[in-house]
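Notes follow once the structure below has been shown.
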Amino acid sequence: SPPPSPPPSPPAAPVEFLVTVGGGSWPSDVSWNLTCSGALIGSGGAPYSGTLSAPPGECTLDMYDSYGDGWNGDQWEGAGNTFTLDSGSSGSATFTLAPLPPSSPQPPSQPPQPPLPGYCFATSAVASKAVVDVPKIVGGVPVNPARKYTWLV
């Protein structure tokens, strides 16, 4: 007899993404429908801003312009994509909605350590430049306390 087939994999978690539509000169002419994996996920006009949720897979954006001259600068932005209807009364675009990467576990946090008197510690590499008043003794070398020193980090 054939070996048993593996159990079906669970469905992929839905992906949530922000959609904004607007920025053009005739938003009242704009309408759109978004279909992902065969299901209508969202629809609207311009201006629009909202969060949509869909399973990973192929999505089709159907774009409509009631006047028939395209979206005149309006853009549909969502899930890392930007689309517009350049001309005419309708058009469509397809894109793939990628699954979210698995979340990685957070590294254990270190308990905060009290600073040593007279020393400056960088706790992250976010700053591009630091200007500080240097204490009288730095690494055992006396310095002028009234002078400011700049370090690039």
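The values are calculated or read from the model by the stated rules, or taken from the named source; none is laboratory data. Worth saying up front: this structure is predicted, and the values here are computed from it rather than measured. All Cβ positions, even for glycine, are placed from backbone atoms using ideal geometry, and neighbour counts span all protein chains on display.
Scan Gly50, Gly42 and give me the residue that is free of Cβ contacts under 8 Å to residues at least 40 places away in the same chain and buried (at least 18 other Cβ atoms within 10 Å of the Cβ).
The conditions single out Gly42.
Go through the stretch 74-98 and report how many residues are part of a loop (DSSP other than H, G, I, E, B), surrounded by 17 or more Cβ atoms within 10 Å (Cβ to Cβ) and either without any contact (Cβ under 8 Å) to a residue 24 or more places away in the chain or not acidic (Asp, Glu) (or both).
To start, the set of residues in the stretch 74-98 that are part of a loop (DSSP other than H, G, I, E, B) comprises 74, 79-80, 84-87, 89, 98.
Okay, now just the ones that are also surrounded by 17 or more Cβ atoms within 10 Å (Cβ to Cβ), so 74, 79, 84-85.
Cutting the leftovers down to either without any contact (Cβ under 8 Å) to a residue 24 or more places away in the chain or not acidic (Asp, Glu) (or both) gives us 79, 84-85.
Final tally of qualifying residues: 3.
State all residues of the stretch 2-39 that are closer than 22 Å to Asp86 by Cβ, over 23 Å from the mean Cα position of the chain (by Cα) and either modelled with pLDDT under 95 or surrounded by 14 or more Cβ atoms within 10 Å (Cβ to Cβ) (or both); if no residue qualifies, say none.
Kept after step one, since they are closer than 22 Å to Asp86 by Cβ, are these residues of the stretch 2-39: 19-35.
Right, trim to over 23 Å from the mean Cα position of the chain (by Cα) and you get 25-31.
Once the filter is applied, which keeps residues that are closer than 22 Å to Asp86 by Cβ, over 23 Å from the mean Cα position of the chain (by Cα) and either modelled with pLDDT under 95 or surrounded by 14 or more Cβ atoms within 10 Å (Cβ to Cβ) (or both), the stretch 2-39 yields Trp26, Pro27, Asp29, Val30, Ser31.
Of the residues in the stretch 1-45, how many are touching a Phe, Trp or Tyr at 6+ places or on another chain (Cβ under 8 Å) and not in a strand (DSSP E or B)?
Counting residues in the stretch 1-45 that are touching a Phe, Trp or Tyr at 6+ places or on another chain (Cβ under 8 Å) and not in a strand (DSSP E or B) gives 3.
Looking only at the stretch 61-73, which residues are surrounded by 14 or more Cβ atoms within 10 Å (Cβ to Cβ) and of a type outside the set (Asp, Glu)?
Within the stretch 61-73, Leu61, Met63, Tyr64, Gly70, Trp71, Asn72 meet the criteria.
Taking Trp71 as meeting all but one of (1) in contact with a strand residue (DSSP E or B) (Cβ under 6 Å, 6 or more places away or on another chain); (2) assigned to a strand (DSSP E or B), write down the number of the exception.
(2)
Please verify whether the stretch 44-53 includes one or more residues that are over 16 Å from Gln75 (Cβ atoms) and in contact with a Ser or Thr (Cβ under 7 Å, 6 or more places away or on another chain).
no
Restricting to the stretch 90-104, what's the tally of residues that are farther than 15 Å from Ser31 by Cβ and either of a type in the set (A, V, I, L, M, F, W, C) or modelled with pLDDT of 95 or more (or both)?
Start the filter on the stretch 90-104 by keeping residues that are farther than 15 Å from Ser31 by Cβ, which leaves 94-104.
Still in the list and also either of a type in the set (A, V, I, L, M, F, W, C) or modelled with pLDDT of 95 or more (or both): 94-98, 100.
Number of matching residues: 6.
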